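Visitor: Got a structure for you, written out below as structure tokens; questions coming shortly.
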Amino acid sequence: GCSRVRDLRGVSNPNMGFTVQLLQWYKRLYESYDQIKVTPRIFAIGSHQVEQADKVVARMLLEALYSPRNNLVLDRRGVFIIQAPSKTYIWLGDNINDKNRDTYVKCAHQHLKNLQAYEKASTNVATVECGREPIDFWRAWGHDRAPARSADFIQQWDMWYIQLGSSRILTPHSVESRGSNENREEKVVETKTRKLMYIYPDVDQPRKNLDIDELELNDFIIVCVDSSESCPEAKVYLWKVPEFEEESSISEEEFKSRTLQHFFGKSMSSRKIQYLEEEGENESDEFLDQF
């Protein structure tokens, strides 16, 4: 596959994250169900990215839910497809934005048709609602009962849940649920997202358009994401290749310090910032979603 692509476009050189996705895609199409180590297979429905909020896609999760290795569970703002060997579920969260619900459900059903046509997904399908899951739903994860924390708001997925037709990110801090599922009211506040990419050693000319090809061309990149002062914390991704070497003109620490000062300005001292280190060819899905 890759050799044929290179014959047509000699400069092609997919990074490790994209290569892993291609390998997973091959296994999904041609190999048995158990060749994908994350079981059951889970697809999250949500916006492609902040800049394309109205483009709704199905993402396959590469980390297991309800695992002691992480804190991930189904997100109450979303629609999920759970593909078990003998049954497929469409799960509906209890905090889906009213403007998003129909589009999310339509996307889920369309993606389900593709899974059945190309990835051997079961035609035995059930739609379940948050808090009303049958016991066979939880048995797909090996549980005999619903976990104590069966659904929640997952902060690292905030950028997937944007009110369609706007730039409103539906964070737990901007969505309040009142009453029962049938009589739920939502309060949404507009959240503006700033995102810039700084390429070492240049601090003064950050990029607004994040191009994933830059990961092939550079050794050290900082991506700053701030969803507004109303959100609990900003995120700073520190991406480097293992063989990175400092230049004499600016050290790594000075580049980091000047980048943060340039991005946050005077608000830096009052902002809570989460620093996330990323290694070239071993990037997290969350980091790659920024591009």
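Visitor: Could you grab me the full set of residues in the stretch 251-273 that are open to solvent by less than 60 Å² (accessible area, probe 1.4 Å) and within 30 Å of Phe18 (Cβ to Cβ)?
Guide: Glu252, Phe255, Lys256, Thr259, Leu260, Phe263, Ile273
Visitor: Since Val128 meets every condition but one in (1) touching a Ser or Thr at 6+ places or on another chain (Cβ under 6 Å); (2) open to solvent by less than 30 Å² (accessible area, probe 1.4 Å), which condition does it not meet?
Guide: Val128 satisfies all of (1) touching a Ser or Thr at 6+ places or on another chain (Cβ under 6 Å); (2) open to solvent by less than 30 Å² (accessible area, probe 1.4 Å) except (1).
Visitor: When you scan the stretch 139-159, do you find a residue that is under 23 Å from the mean Cα position of the chain (by Cα), crowded, with 20+ Cβ neighbours inside 10 Å and part of a helix (DSSP H, G or I), even just one?
Guide: Yes: the stretch 139-159 contains one or more residues that are under 23 Å from the mean Cα position of the chain (by Cα), crowded, with 20+ Cβ neighbours inside 10 Å and part of a helix (DSSP H, G or I).
Visitor: Lys55 versus (1) in contact with a His (Cβ under 9 Å, 6 or more places away or on another chain); (2) open to solvent by 40 Å² or more (accessible area, probe 1.4 Å); (3) under 24 Å from Ser32 (Cβ atoms): which is the lone unmet condition?
Guide: With respect to (1) in contact with a His (Cβ under 9 Å, 6 or more places away or on another chain); (2) open to solvent by 40 Å² or more (accessible area, probe 1.4 Å); (3) under 24 Å from Ser32 (Cβ atoms), Lys55 is out only on (3).
Visitor: Answer with yes or no whether Glu245 is part of a helix (DSSP H, G or I), surrounded by fewer than 16 Cβ atoms within 10 Å (Cβ to Cβ) and more than 28 Å from the chain's Cα centre (by Cα).
Guide: No; evaluated as a whole, the condition is false for this residue.
Visitor: What number goes with the only condition from (1) open to solvent by less than 30 Å² (accessible area, probe 1.4 Å); (2) modelled with pLDDT of 90 or more; (3) acidic (Asp, Glu) that Glu283 does not pass?
Guide: The single condition Glu283 does not satisfy is (2).
Visitor: Pairs please, first residue from the stretch 202-218 and of a type in the set (Val, Ile, Thr), second anywhere and open to solvent by less than 40 Å² (accessible area, probe 1.4 Å), Cβ atoms under 8 Å, 6+ apart in sequence or on different chains.
Guide: Val203/Ile250; Val203/Phe255; Val203/Thr259; Ile212/Asn15; Ile212/Leu288; Ile212/Phe291
Visitor: Just to check your reading of the model, which residue among Asp7, Asp94 is among the charged types (D, E, K, R), in contact with an Asp or Glu (Cβ under 9 Å, 6 or more places away or on another chain) and either over 20 Å from Gln155 (Cα atoms) or at pLDDT below 95 (or both)?
Guide: Step by step, each of Asp7, Asp94 is checked, and only Asp94 is among the charged types (D, E, K, R), in contact with an Asp or Glu (Cβ under 9 Å, 6 or more places away or on another chain) and either over 20 Å from Gln155 (Cα atoms) or at pLDDT below 95 (or both).
Visitor: Scan the stretch 102-123 residue by residue and report those that are assigned to a loop (DSSP other than H, G, I, E, B) and out of contact with any strand residue (DSSP E or B) (no Cβ under 7 Å at 6 or more places or on another chain).
Guide: Glu119, Lys120, Thr123
Visitor: Would you say Gly131 is in contact with a Cys (Cβ under 8 Å, 6 or more places away or on another chain) and either in contact (Cβ under 8 Å) with a residue 24 or more places away in the chain or more than 24 Å from Lys37 (Cα to Cα) (or both)?
Guide: So Gly131 fails the test.
The values are calculated or read from the model by the stated rules, or taken from the named source; none is laboratory data. None of these values were measured; they are calculated from a predicted model. Reconstructed Cβ throughout: ideal geometry from the backbone, glycine too, with neighbour counts over all protein chains shown. Ligands, DNA and RNA are stripped out before the accessible areas are found, and what is left, the full protein with its side chains, is counted by its heavy atoms. Shrake-Rupley method; radii C 1.70, N 1.55, O 1.52, S 1.80 Å.
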